[in-house]
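So the structure is just underneath, and the comments pick up after that.
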Amino acid sequence: MAIEKILKDDASEEKGERARMASFVGAISITDLVKTTLGPKGMDKILQSTGRGNEVTVTNDGATILKSLHIDNPAAKVLIDISKVQDDEVGDGTTSVVVLAGELLREAEKLVAAKIHPMTIISGYRMAAECARNALLQRVVDNKENAEKFKSDLMKIAMTTLSSKILSQDKEHFAQLAVDAVMRLKGSTNLEAIQIIKKPGGSLMDSFLDEGFILDKKIGLGQPKRIENAKILVANTAMDTDKVKIYGARVRVDSMSKVAEIEGAEKEKMREKVKKILGHGINCFVNRQLIYNFPEELFADAGILAIEHADFDGIERLALVTGGEIASTFDNPESVKLGHCKLIEEIMIGEDKLIHFSGVEMGQACTIVLRGASHHVLDEAERSLHDALCVLSQTVNDTRVLLGGGWPEMVMAKEVDELARKTPGKKSHAIEAFSRALVAIPTIIADNAGLDSADLVAKLRAEHHKEGCNAGIDVISGSVGDMAELGISEAFKVKQAVLLSATEAAEMILRVDEIITCAPRKREDRM
Amino acid sequence: MALAFDEYGRPFIILKEQEQKTRLSGLEAQKANISAGRAVSRILRTSLGPKGMDKMLQSPDGDVTITNDGATILEQMDVDNQIAKLMVELSRSQDYEIGDGTTGVVVMAGALLEQAERLLERGIHPIRIAEGYEMASRIAVEHLECIAQKFDFGPTNIEPLVQTCMTTLSSKIVNRCKRALAEISVKAVLSVADLERKDVNLDLIKVEGKVGGKLEDTELIYGITVDKDMSHPQMPKQIEDAKIAILTCPFEPPKPKTKHKVDIDTVEKFQTLRQQEQKYFDDMVQKCKEVGATLVICQWGFDDEANHLLMHQNLPAVRWVGGVELELIAIATGGRIVPRFQELTPEKLGRAGLVRERSFGTTKDKMLYIEHCANSRAVTIFIRGGNKMMIEETKRSIHDALCVARNLIRNNFIVYGGGAAEISCSIAVEAAADKYPGVEQYAIRAFADALDAVPMALAENSGLQPIETLSAVKSQQIKENNPHFGIDCNDVGTNDMCEQNVFETLIGKQQQILLATQVVKMILKIDDVISPSDY
């Protein structure tokens, strides 16, 4: 019939059951894709970019994997989106959130097949999510008062986060690094103050945290390589020709001698600028922009360390650490705040020379130098460390902590099961399904570790029916273990975000009963 | 295709390239049009009501939108058919005029078309049908006025407004925290409303969203948010009792419009020029400082040197603020937008109680909050949510709620929702039909049947038996002579909408009926469709 032709030619429309099928299939296949990376024995993925050079990334990070995929299925896009948000918001749990949402949808698919209306499923899921969250809230441990204990909590969280990554061999070392770095921030979540420098070479164990600040730059020729009690001027100014900014100005001369004169004036101008800078009584000058040879020579003459072309982040961080302000004009030296540090020296890491500022005034910033066998290892190490740092910095603000290793899921599942028993009506099926989806996470962790998941999870469930149980899956020994003793912890904020975003995403996909895909935009330059 | 021949039997060419056009005429054309219109309304039918489903739309660029809002669905659907486009227009005009009921109006039009098709088959002339519809719509609109109730609220008694907004929000994905969002919307509208003139300028309400956090974190800010940060990382992050200079001129040397050249041919000139240049910056910053500004908001960027000077003078600044935001800031802070430094005077500064920078999550997203403004008439609703689609959908839902609140302020009559108003109108139109002599009677009766379509769809979407429920409610309305009975979508146990607090605005409902009738009339009057063939 002609009536169906209300859309454009290439557009497609899927309705009712078919639409639901399409979104379930899409979402579940995404889940299955990242599922195997979950847990301490999860596997990595190799991603090859389609861009030039076909760069390869090896990673275990859910958000990174999903970001790199080109997906056409709209439901899958929803899942990718939640994973990205999880990354932005709490930094970790990017795989868990997708897996949980996928499991929720998998359960929903069964319910829909059993002729339960999606809206009923949604309201059941909502009740279950609320109940699960309350269950977690009851079991959280908050060690805010006790600094000593809190620090060990942080340490445990860092180790748990890192244990699923490439750094798991040296997790203790890196957990220490991450905790130290975050503790220096003193509650701020500004991770920019933590600089991560990657230098290939050495082993991962050689990575270290430096209390000072390391700038990946070289010191100008003929300038001192080591300065004690440095006064630093951090600047953002042109040290090349210093253009005349008045619009329409141009140089027009009629003889060679005039050119020379103007050149002289220009040089004079620069000399003056340098003199003004020197007037600040500094012995180190760091500029964001280039420093030309001439001013550099002037600085060298004055015995001042001049560093050019430090990028914007570097400048901001340097200003932050040394307590100086970023200056662009130099007319009144008395009111410009200078940065201070005890020692500036050139150090060698591997084969590269770096500038090291130590003994800085503000202890907030620090630098982590990562060493490793190859770029891939370093990139993955950075991502893992970033995850750990994110989680830690969020935990410093929200100090509530939970046990890990599938413990929270089991606690939630138990409570949700109770709720299902109490709830009359069709919703109880949905609530029950929610609990099954929660149990799927420890099951996957066990499966990924090559353990007998059915047996383990059943044991775990039995354990959890005792009061105040701390049982979780101990992947290393392959049995049910006491998570408190093993020191496996997770941040409450991460778990909560996983739970809520996953439910929200599942809800969104469930509500859809029609998918309309517009005709793709025609591209001229198709390859 | 009809061809005309002259006396020698040669065909006249009436249409250019006649062979390449397809042409439908007469009953065939009307039927094709009606079925296209119905196809559109069928898509939206399942989105109606609190238990309505969402639609997932993938745009030509691959972006995904998940929504329940009729106008948005149709807009993104990218329809090709001309009649379908009319339906899209219909939904859009309801959106512009009322802001809510965009799904209902299309479902209504679809039902009217369906009824018209039956009448056409019986051989009733389309114009007569159109006239009958017109009469019936007049009866329905008048009847709505009879059953409408005046609705009292004031700045202190906002509960009724909140209830109405909740009715609107309950059909959206955000119904989890509809109460909170409804309150936010009502407060926002009331703070910008002009209760004397009964008007609300919705432009003063800015709806901003940022991914992350929970939906419950959505907040109402009595002020403005700007997605910018201080131009210099070391400027203070919080300013109390700020006096704001709002500039549209860059911190740069002037650029006269006329073409000119400054020639440098001697060393002296070079030097004077240099000094001049430095003076410019100094003057500019000094000017701002002199009038007493403690914050500079600039539409353009500024040079590193100017930036440092500002920082040096302890004058925080924000750069690259968009034009619309600049205007809003000016309205909120009571400041004037200043296009030239020379015109800066203390009176032209805006005032705000608190300006602060806030950062979110683990990324370095920062936003600037300008609060406690001199003129608190501009407010911002700041939405948080799990993902981008959620935020977009929440924005649309909030927009609907805002529109409803505005309509109530304009005209504080309400009718009962849940299909109660439609059922009541249907009864009234049915009764009135018998009084009209002539063929129109049939059309009027058809109109009454079409009005039943909305409650029917509501019942269907809520998983109830549509015909059974509708007839039960209808007989109840007639028996008790009470227009408050509607469809019990949420399974509360009562179908008295007065008890369930399900309201809709009178003007919204009237507009729905009028707009739907208009479009249907237009479609019915078409009896010839000429379009180019597919290739």
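All of (1) more than 29 Å from residue B:444 (Cβ to Cβ); (2) surrounded by fewer than 23 Cβ atoms within 10 Å (Cβ to Cβ) hold for residue B:69 with one exception: (2).
Tell me whether segment A:387-397 contains one or more residues that are free of Cβ contacts under 8 Å to residues at least 12 places away in the same chain and either of a type in the set (S, T, N, Q) or not assigned by the TED database to the domain that holds residue A:179 (or both). So far as segment A:387-397 goes, no, none of its residues is free of Cβ contacts under 8 Å to residues at least 12 places away in the same chain and either of a type in the set (S, T, N, Q) or not assigned by the TED database to the domain that holds residue A:179 (or both). Could we say that residue A:101 is under 15 Å from residue A:504 (Cβ atoms) and more than 29 Å from the chain's Cα centre (by Cα) here? Judged against the criteria, residue A:101 is not a match. Would you mind stating whether residue B:54 is crowded, with 24+ Cβ neighbours inside 10 Å, touching a residue at least 60 places away in the same chain (Cβ under 8 Å) and at the interface with another protein chain (Cβ under 8 Å from one of its Cβ atoms)? Against the criterion (crowded, with 24+ Cβ neighbours inside 10 Å, touching a residue at least 60 places away in the same chain (Cβ under 8 Å) and at the interface with another protein chain (Cβ under 8 Å from one of its Cβ atoms)), residue B:54 qualifies.
Restricting segment B:301-330 to residues that are touching a Lys or Arg at 6+ places or on another chain (Cβ under 7 Å) and more than 14 Å from every other protein chain (Cβ to nearest Cβ), the residue that is surrounded by the fewest Cβ atoms within 10 Å (Cβ to Cβ) is B:320.
Under the condition of being within 19 Å of residue A:38 (Cα to Cα), assigned to a loop (DSSP other than H, G, I, E, B) and within 9 Å of chain B (Cβ to nearest Cβ), the residues counted in segment A:58-86 number 0.
Run down B:91, B:47 and say which single residue is within 9 Å of another protein chain (Cβ to nearest Cβ), of a type in the set (Ser, Thr, Tyr), crowded, with 18+ Cβ neighbours inside 10 Å and under 18 Å from the mean Cα position of the chain (by Cα).
Working: B:91 fails: within 9 Å of another protein chain (Cβ to nearest Cβ).
Exactly one of B:91, B:47 is within 9 Å of another protein chain (Cβ to nearest Cβ), of a type in the set (Ser, Thr, Tyr), crowded, with 18+ Cβ neighbours inside 10 Å and under 18 Å from the mean Cα position of the chain (by Cα), namely B:47.
Of the numbered criteria (1) surrounded by fewer than 18 Cβ atoms within 10 Å (Cβ to Cβ); (2) touching a strand residue (DSSP E or B) at 6+ places or on another chain (Cβ under 9 Å), the one residue B:333 fails is (1).
Does residue B:228 satisfy the condition of being in contact with a Phe, Trp or Tyr (Cβ under 7 Å, 6 or more places away or on another chain), at negative phi, basic (Lys, Arg) and more than 14 Å from chain A (Cβ to nearest Cβ)?
On the way: in contact with a Phe, Trp or Tyr (Cβ under 7 Å, 6 or more places away or on another chain): yes; at negative phi: yes; basic (Lys, Arg): yes; more than 14 Å from chain A (Cβ to nearest Cβ): yes.
Taking the combined requirement at face value, the residue satisfies it.
Across segment B:15-28, the qualifying residues are those that are surrounded by fewer than 18 Cβ atoms within 10 Å (Cβ to Cβ) and within 11 Å of another protein chain (Cβ to nearest Cβ), and the one among them that is modelled with the highest pLDDT is B:28.
Each residue in segment B:64-88 was checked for being facing another protein chain (nearest Cβ under 8 Å) and either more than 30 Å from residue B:24 (Cβ to Cβ) or among the small types (Gly, Ala, Ser) (or both), and 4 of them qualify.
Any idea which residue in segment B:381-427 is farthest from the other protein chains (Cβ to nearest Cβ), counting only those that are basic (Lys, Arg) and closer than 30 Å to residue B:368 by Cα?
Step one: list which residues in segment B:381-427 are basic (Lys, Arg), which gives B:384, B:388, B:395-396, B:406, B:410.
Checking the rest, the ones that are also closer than 30 Å to residue B:368 by Cα come to B:384, B:388, B:395-396, B:406.
Working: B:384: 10, B:388: 6, B:395: 15, B:396: 14, B:406: 27 Å.
Within segment B:381-427, the match that is farthest from the other protein chains (Cβ to nearest Cβ) is B:406.
Residues in segment B:65-88 that are over 11 Å from residue B:40 (Cα atoms) and free of Cβ contacts under 8 Å to residues at least 12 places away in the same chain: B:80 only.
Condition check for residue B:476 on (1) surrounded by 18 or more Cβ atoms within 10 Å (Cβ to Cβ); (2) in contact with a Phe, Trp or Tyr (Cβ under 9 Å, 6 or more places away or on another chain): one failure, at (1).
Any residue that is assigned by TED's automatic domain parsing to the domain that holds residue B:53, of a type in the set (Ser, Thr, Tyr) and over 27 Å from the mean Cα position of the chain (by Cα) - is there at least one of those in segment B:451-463? Quick ask: steps written out before the conclusion?
Narrowing segment B:451-463 to residues assigned by TED's automatic domain parsing to the domain that holds residue B:53: B:451-463.
Still in the list and also of a type in the set (Ser, Thr, Tyr): B:462.
Restricting the remaining residues to those that are over 27 Å from the mean Cα position of the chain (by Cα) gives none.
No, every residue in segment B:451-463 fails to be assigned by TED's automatic domain parsing to the domain that holds residue B:53, of a type in the set (Ser, Thr, Tyr) and over 27 Å from the mean Cα position of the chain (by Cα).
Of the candidates B:464, B:470, B:458, the single residue that is more than 14 Å from chain A (Cβ to nearest Cβ) and either crowded, with 24+ Cβ neighbours inside 10 Å or at negative phi (or both) is B:470.
Has segment A:107-126 got any residue that is closer than 21 Å to residue A:399 by Cα and of a type outside the set (Asp, Glu)? Break it down stepwise before answering.
The first filter runs over segment A:107-126 and keeps only residues closer than 21 Å to residue A:399 by Cα, leaving none.
No: segment A:107-126 contains no residue that is closer than 21 Å to residue A:399 by Cα and of a type outside the set (Asp, Glu).
Residues in segment A:100-132 that are under 19 Å from residue A:408 (Cβ atoms) and surrounded by fewer than 18 Cβ atoms within 10 Å (Cβ to Cβ): A:130 alone. When segment B:251-280 is filtered for residues that are at pLDDT 75 or above and either surrounded by 18 or more Cβ atoms within 10 Å (Cβ to Cβ) or part of a loop (DSSP other than H, G, I, E, B) (or both), only B:280 remains.
In segment A:434-527, counting only helices (runs of 4 or more DSSP H) that sit wholly within it, the ones holding 3 or more residues that are within 14 Å of chain B (Cβ to nearest Cβ), modelled with pLDDT of 85 or more and farther than 24 Å from residue A:395 by Cα span A:492-510.
Of everything in segment A:87-99 that is assigned to a helix (DSSP H, G or I) and within 14 Å of chain B (Cβ to nearest Cβ), the residue that is surrounded by the fewest Cβ atoms within 10 Å (Cβ to Cβ) is A:88.
Results for (1) touching a residue at least 24 places away in the same chain (Cβ under 8 Å); (2) part of a helix (DSSP H, G or I); (3) more than 22 Å from residue B:101 (Cβ to Cβ), shown as yes or no for each residue.
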{"residue": "B:441", "(1), (2), (3)": "yes, yes, yes"}
{"residue": "B:444", "(1), (2), (3)": "yes, yes, yes"}
{"residue": "B:513", "(1), (2), (3)": "yes, yes, no"}
{"residue": "B:531", "(1), (2), (3)": "yes, no, yes"}
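Can you find a residue in segment B:464-471 that is closer than 30 Å to residue B:65 by Cα and assigned to a loop (DSSP other than H, G, I, E, B)? Scanning segment B:464-471 turns up at least one residue that is closer than 30 Å to residue B:65 by Cα and assigned to a loop (DSSP other than H, G, I, E, B).
The values are calculated or read from the model by the stated rules, or taken from the named source; none is laboratory data. It should be emphasised that the depicted structure is a prediction, and the values quoted were computed from it without experimental measurement. Cβ sites come from the backbone with ideal geometry, for glycine too, and all protein chains shown count toward neighbours.
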